[in-house]
Structures are given as structure tokens and as C-alpha cells.
Amino acid sequence: MRKEMIVATIFFLAVGFCGLWGVEAQEDVLKHPSCKFCGMDRSKFSKTRMLIEYDDGTSVGTCSIHCAAVELAVTIDKIPRKIMVADYETGQLLDAERAFWVIGGDIPGVMTRRGKWAFQDRERAEGFVRGHGGVVVDFEAAMRASYEDMYEDTKAIRERRKARSHKH
């Protein structure tokens, strides 16, 4: 009887721990359900979402590195304590500065023509490049590319929204 109790307790603790871990992984989406800048549903874009935590305790959730770049540009007086990005394959948040980023390739990005995807492992980033093209870079290069693409991307977004509003 005692052995069965121990096994049952371990089982329930393991299930509970896994359940809490899954909830925690999406806690940022519950706190920031839509992107502050474009309004996109962050759960729909869970594999490109970013979370910026500032040293004053505030945080901002975005749908993509494009919108994260906008956030960092307009809040120049706040100091980021942590910048997190979702792993392209798992959707789990990881340190954006330690991620392996892929720029370019044949898959269009979120809020940008030139895709920018984050991976926890270099091997998986290189596998993506083999299958879809692009180049593996660090966070600084990915952020620099976001700023370089900003004008054309913003112009394209405005044109799409204008075309949509004329249809209605």
C-alpha cells in the first residue's frame, strides 16, 4: 500500500509539474495577448513572439522582432533587463541574445518580408537554412536587419491596410 502511495504521489507531482511548466511557457501570452504595435494575436504568432522586460518591472509583448525593434526604438529611456524570443520550432521563450537567428530564406517573416527566426540550437538553425535558405546570425545582426528593413516593411504594412480598408 505504501509503495502504491509513493508511486501515485510521484505521478501526480510529475503531471502537476509538467502542467505548470506548460502554463508558465504561455504566461507571457496571457499577460500580453496582443501585440502593442500591430494588434496581432500573440498566441497565433507564438513561434515569433517576443517579450521585453525592463529594469523598472514593466514588460511588453510583441508578435515579432519587427515590433520588438519598434518598442526598443520608442522606449529609449528604459533599460531592457531581459529580451526573450520564442524558439521557432517549440514556441518556448529563450534569451534572444543567446539564440541562433536565421535571416532570410523562402519563408516570409512576420511583419517583414525578410524572415527573422530564432532557434535555441545552432544545429536546428543550420537545418532550417539547409531546407529554406537564409543565414545564421546573432541577435545583434538580427536586430540590425530589423531596423534596416523597417522602412520597406512599414510601407508595405500601410499599403496592405489601405487596400483592405478600400475593399470594405
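Condition test on Arg113, is it modelled with pLDDT of 95 or more, under 26 Å from Pro33 (Cα atoms) and not in a helix (DSSP H, G or I)? If you could, list the steps in order and put the result at the bottom.
Details: modelled with pLDDT of 95 or more: no; under 26 Å from Pro33 (Cα atoms): yes; not in a helix (DSSP H, G or I): yes.
Answer is no for this residue.
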Considering each residue of segment 103-123, count those that are surrounded by fewer than 17 Cβ atoms within 10 Å (Cβ to Cβ), out of contact with any helix residue (DSSP H, G or I) (no Cβ under 6 Å at 6 or more places or on another chain) and over 14 Å from Glu148 (Cβ atoms), and give that number.
4
Within the bounds of segment 62-69, is there any residue that is of a type outside the set (A, V, I, L, M), surrounded by fewer than 16 Cβ atoms within 10 Å (Cβ to Cβ) and on the phi < 0 side of the Ramachandran plot?
no
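Among the listed residues Ile157, Ile107, which satisfies the condition of being more than 20 Å from Asp95 (Cα to Cα) and assigned to a loop (DSSP other than H, G, I, E, B)? Talk me through it step by step, then tell me what you get.
Values: Ile157 fails: assigned to a loop (DSSP other than H, G, I, E, B).
Only one candidate qualifies: Ile107.
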Take Glu24 and tell me if it is farther than 21 Å from Arg144 by Cα, exposed (fewer than 13 other Cβ atoms within 10 Å of the Cβ) and either modelled with pLDDT of 95 or more or touching a strand residue (DSSP E or B) at 6+ places or on another chain (Cβ under 6 Å) (or both).
no
Those residues of segment 32-82 which are of a type outside the set (D, E, K, R) and farther than 24 Å from Arg158 by Cα amount to Leu51, Ile52, Tyr54, Gly57, Thr58, Ser59, Ile76, Ile79, Pro80
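Residues in segment 138-146: is at least one polar (S, T, N, Q), assigned to a helix (DSSP H, G or I) and within 16 Å of the chain's Cα centre (by Cα)?
First, the residues of segment 138-146 that are polar (S, T, N, Q): 146.
Among the residues that remain, those that are also assigned to a helix (DSSP H, G or I) are: 146.
In the following step, the residues that additionally are within 16 Å of the chain's Cα centre (by Cα) were identified as 146.
Taking every residue of segment 138-146 in turn, at least one turns out to be polar (S, T, N, Q), assigned to a helix (DSSP H, G or I) and within 16 Å of the chain's Cα centre (by Cα).
Residue-wise test of (1) without any contact (Cβ under 8 Å) to a residue 24 or more places away in the chain; (2) closer than 13 Å to Ile65 by Cβ; (3) touching a strand residue (DSSP E or B) at 6+ places or on another chain (Cβ under 9 Å).
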| position | (1), (2), (3) |
| --- | --- |
| Asp121 | yes, no, yes |
| Arg130 | yes, no, no |
| Val136 | no, no, yes |
| Glu148 | yes, yes, no |
| Tyr151 | yes, no, no |
| Thr154 | yes, no, no |
| Ile157 | no, no, no |
| Ala163 | yes, no, no |
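The values are calculated or read from the model by the stated rules, or taken from the named source; none is laboratory data. Small disclaimer: the values here were computed from a predicted structure and weren't measured. Cβ coordinates were reconstructed from backbone atoms using ideal geometry, including for glycine residues, and neighbour counts include every protein chain displayed.
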